[in-house]
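First up is the structure itself, then whatever we jot down about it.
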Amino acid sequence: MVISRRLILAAALMSATLPAQLGAATPAAIDAEVDRVANAAIAAGEAPGLQVAIFKDGKPLLVRSYGTASLELKTPLTNEGVLRIGSVTKQFTAAALLQLRDEGRLSIDDRLSKYYPNYPRAADITIRQMLHHTSGLHNYTADKQMMDEGSITRTTDEWVGAFARMPKTQDFEPGEKWDYSNTAYYLLGGIVEKVEGKSLAAVLKARFFDPLGMTRTAMDDEGEILPGRVAGYDATGPGQFRNARPLSLTFPGGGGSMRSTASDLARWNAALFGGKVLKPASFAEMTTPGKLANGQPSSAGMPKVAGLRGEYGYALFLSDVQGHPKVAHGGGIPGFNSSLSEFPKDRITVAVIANAIGKDAGAGKVAARIERIALDLPPEK
């Protein structure tokens, strides 16, 4: 879930100017350089606080937190602090769907109409297209009235009904183009709930969070009293923070409602890329670029948006950093910004979460710097 398509794309694949010097990629050098760039980012007003986790071969290399969890209470951010992760949620929804498919309980080529027969154009749209963002479903977070209603608590079906009544529900013919759609992933979360007969929160807890030891991760509930909950801030510029606007966590759903920590996200990647979540064929499918109806790669139909490059699998961007293949996604939600990247050939995971989002604020820039430190790459010119 995002404030706008431009923001999520920038958050997911942002490149940035890097620090002037880089030491050798020994653990001690990585520690020192990450400390330097993270503290510099906070000093520059990119976020009140940052959580960073770097894993190598599925094991922690660095897990560290910087800055402030609450500007009002002046409490430090710790590694156990819990932050919202926005659209990084989407890959959990996608993985649940693939597990259900492998169990014979649905098909990726099922039509949306099988689960939501009254949704506009549902008979023309497949789960596969929704996973790849080629469905053409209008992004509800681009609808002003929907965003104005974002603090209202509704059931999944009630939100789906509200989305179906938007003045515009379809941006292009299914399969014709690629465009980021939170609506698609909200509906996918609803499909998981219908097939399982239980809430998405319960499904993800049972399938992923509990088995993988992700003890600080859950579908969030803003009303829950949660030890370690980190305050989130919207920014109008560097160091210009306001408390994030109210949001019901029923609003982002399967597209963005999760909370987590940087170390839990890195632990998730260790399991996903280590073959502990999906069968090999399903993982390969999840990390294979989508195609348009004409057979071209989905990138051929991507809008020209700054920071967007590469291909898109199922809830994962597929790109390259100077010869290092990268599989990643970012997340933007009021008050928070996240980045989760895997470099499979290097066996390196980088997770960064910030408790701020907005103009020149968030996780994107500092995550790009930290990724290059972990890869022992020189500063980007």
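The values are calculated or read from the model by the stated rules, or taken from the named source; none is laboratory data. Note that the coordinates shown come from a computational prediction; the quantities given were computed from them, not determined experimentally. With ideal geometry, Cβ positions are generated from the backbone for all residues, glycine too; neighbour counts draw on all protein chains shown.
List of remarks:
- If you filter the stretch 35-78 down to residues that are charged (D, E, K, R) and touching a Lys or Arg at 6+ places or on another chain (Cβ under 9 Å), you find that the one that is surrounded by the fewest Cβ atoms within 10 Å (Cβ to Cβ) is ASP57.
- For the criterion of being hydrophobic (A, V, I, L, M, F, W, C) and over 19 Å from the mean Cα position of the chain (by Cα), LEU50 fails.
- Answer residue from the stretch 290-332, given it is farther than 22 Å from ALA374 by Cα and basic (Lys, Arg) and is modelled with the highest pLDDT among those: LYS291
This table checks each residue for (1) small (Gly, Ala, Ser); (2) over 30 Å from SER70 (Cβ atoms).
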position: SER319; (1), (2): yes, yes
position: GLN322; (1), (2): no, yes
position: GLY332; (1), (2): yes, no
position: GLY358; (1), (2): yes, no
position: LYS365; (1), (2): no, no
position: LEU377; (1), (2): no, yes
position: LYS381; (1), (2): no, yes
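- Within the stretch 95-117, residues that are farther than 23 Å from PHE273 by Cα have Cβ atoms under 8 Å from residues that are buried (at least 16 other Cβ atoms within 10 Å of the Cβ) and acidic (Asp, Glu) in these pairs: ARG111/ASP124, counting only partners at least 6 apart in sequence or on another chain.
- Which listed residue is closer than 18 Å to GLY228 by Cα and out of contact with any strand residue (DSSP E or B) (no Cβ under 6 Å at 6 or more places or on another chain), from LEU71, LEU50: LEU71
- Only one of the numbered conditions (1) surrounded by 18 or more Cβ atoms within 10 Å (Cβ to Cβ); (2) part of a strand (DSSP E or B) is not met by TYR119, and that is (2).
- Residues (closer than 14 Å to SER298 by Cβ and among the hydrophobic types (A, V, I, L, M, F, W, C)) located in the stretch 125-146: MET130, LEU131
- Test: LEU13 is among the hydrophobic types (A, V, I, L, M, F, W, C), surrounded by fewer than 24 Cβ atoms within 10 Å (Cβ to Cβ) and either at pLDDT 95 or above or within 29 Å of ASN243 (Cα to Cα) (or both): yes
- From GLY223, GLY228, GLY213, GLY239, residue being free of Cβ contacts under 8 Å to residues at least 24 places away in the same chain, surrounded by fewer than 22 Cβ atoms within 10 Å (Cβ to Cβ) and closer than 30 Å to LEU77 by Cβ: GLY223
- Considering residues of the stretch 124-159 that are of a type in the set (S, T, N, Q) and in a loop (DSSP other than H, G, I, E, B) only, the residue nearest to LEU188 (Cα to Cα): SER135
- Test: residue in the stretch 63-84 that is on the phi > 0 side of the Ramachandran plot, assigned to a strand (DSSP E or B) and out of contact with any Asp or Glu (no Cβ under 9 Å at 6 or more places or on another chain): yes
- Exactly one residue out of GLY256, GLY161, GLY190 is under 29 Å from GLY136 (Cβ atoms) and surrounded by fewer than 18 Cβ atoms within 10 Å (Cβ to Cβ), and it is GLY161.
- Counting the residues of the stretch 74-85 that are in contact with a Ser or Thr (Cβ under 6 Å, 6 or more places away or on another chain) and farther than 12 Å from GLY228 by Cα gives 1.
- Selection within the stretch 139-182: residues that are polar (S, T, N, Q) and in contact (Cβ under 8 Å) with a residue 60 or more places away in the chain. The member of this set that is farthest from GLY223 (Cα to Cα) is ASN139.
- Counted residues, the stretch 160-197 - those being in a loop (DSSP other than H, G, I, E, B) and of a type in the set (A, V, I, L, M): 1
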